[in-house]
Amino acid sequence: MLLARTAATAAAFAVLLSPATAHTAAAAAPSSRAVPGTTVTLPVRDALATLPVRAEDRTGYARSKFGPWIDADRDGCNTRQEVLKAEAVIAPVQGANCTLTGGEWYSPYDDRYIHGARGLDIDHLVPLAESWDSGAYAWPAAERRAYANDLKDPRALIAVSAASNRSKADQDPATWLPPAAGYRCQYVTDWVADKTRWGLSVDTTERAALAETLSHCSDVPITVTLAR
């Protein structure tokens, strides 16, 4: 375990020290990265250190390049509805076409309870535009669609108040953190986990902001199944 961790750290330093610019072939996952489906566990600060650091560029981004919500398991409920059902603290009533009525949800971003699904947005923890900037511009359409509909890791998509999600928009932790200060450690830890899962990079200001917030948090282990 120690040898594996040492090797991973060395590989991370190699990636960090190698020159790279946005929208180049360097955005591909480093050759030392484990194959998709591998499950890795490491302290969150080590995970942050392994993320490649690159400048970001939004050239060519469009929301449509990630596709719509999909019904992956063909049970009649799309990704938004699946997240709402999974995260409800009081279950809604499910009707025809997976229409959800009633129910209650907790929005951790602003520490409040929301009655009824209309007051909620499903947030991509790492926003789609941010993922584009961080490497998703180079992915095939199917992979971007999988990212936008990632139900395999519960950190990727989260039901939050519409107000908090729209306040966040496509910002990274350098410019936006949840108003609920007590949730910030969880938020940045999950951010690092999601970027690790999808092999996404960070820019220098984002990395500094993550490191600063994590310096006030426990260095908890994160377990991630690599998606790519």
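Some points to look at:
- Scanning segment 213-228 for residues that are in a strand (DSSP E or B), open to solvent by 40 Å² or more (accessible area, probe 1.4 Å) and β-branched (V, I, T) turns up T223, T225.
- Taking every residue in segment 45-70 that is aromatic (F, W, Y) and pairing it with any residue that is open to solvent by 30 Å² or more (accessible area, probe 1.4 Å) and not in a loop (DSSP other than H, G, I, E, B), at least 6 positions away or on another chain, the pairs with Cβ-Cβ distances below 7 Å are F66/R145; W69/R80.
- Residues that are open to solvent by 10 Å² or more (accessible area, probe 1.4 Å) and not β-branched (V, I, T) within segment 174-191 comprise A174, W176, L177, P179, A180, A181, G182, Y183, R184, C185, Q186, D190, listed in sequence order.
- Residue ID - nearest to V188 (Cα to Cα), chosen from residues in segment 115-126 that are open to solvent by less than 10 Å² (accessible area, probe 1.4 Å) and free of Cβ contacts under 8 Å to residues at least 60 places away in the same chain: D123
- Which listed residue is open to solvent by 30 Å² or more (accessible area, probe 1.4 Å) and under 24 Å from T225 (Cβ atoms), from A163, A169, A142: A142
- Residues that are free of Cβ contacts under 8 Å to residues at least 40 places away in the same chain, of a type outside the set (D, E, K, R) and either open to solvent by 50 Å² or more (accessible area, probe 1.4 Å) or under 22 Å from R33 (Cβ atoms) (or both) within segment 192-212 comprise T205, A208, listed in sequence order.
- Within segment 110-169, the set of residues being in a strand (DSSP E or B) and either hydrophobic (A, V, I, L, M, F, W, C) or at pLDDT below 95 (or both) comprises I114, L120, I122, L157, I158, A159, V160.
- Here A86, A148, A141, A72 are screened, and the one residue that is in contact with a Phe, Trp or Tyr (Cβ under 6 Å, 6 or more places away or on another chain) and within 26 Å of T38 (Cβ to Cβ) is A148.
- Residues located in segment 58-96, provided they are surrounded by 15 or more Cβ atoms within 10 Å (Cβ to Cβ) and not hydrophobic (A, V, I, L, M, F, W, C): Y61, K65, G67, N78, T79, R80, Q81, E82, K85, E87, P92, Q94
- Total residues in segment 97-109, condition assigned to a helix (DSSP H, G or I) and either open to solvent by 80 Å² or more (accessible area, probe 1.4 Å) or among the basic types (K, R) (or both): 1
The values are calculated or read from the model by the stated rules, or taken from the named source; none is laboratory data. Predicted model only: the values in this text are computed from it and were never measured. Reconstructed Cβ throughout: ideal geometry from the backbone, glycine too, with neighbour counts over all protein chains shown. In case anyone asks, the SASA skips ligands and DNA or RNA and just uses the protein heavy atoms, side chains included. Shrake-Rupley method; radii C 1.70, N 1.55, O 1.52, S 1.80 Å.
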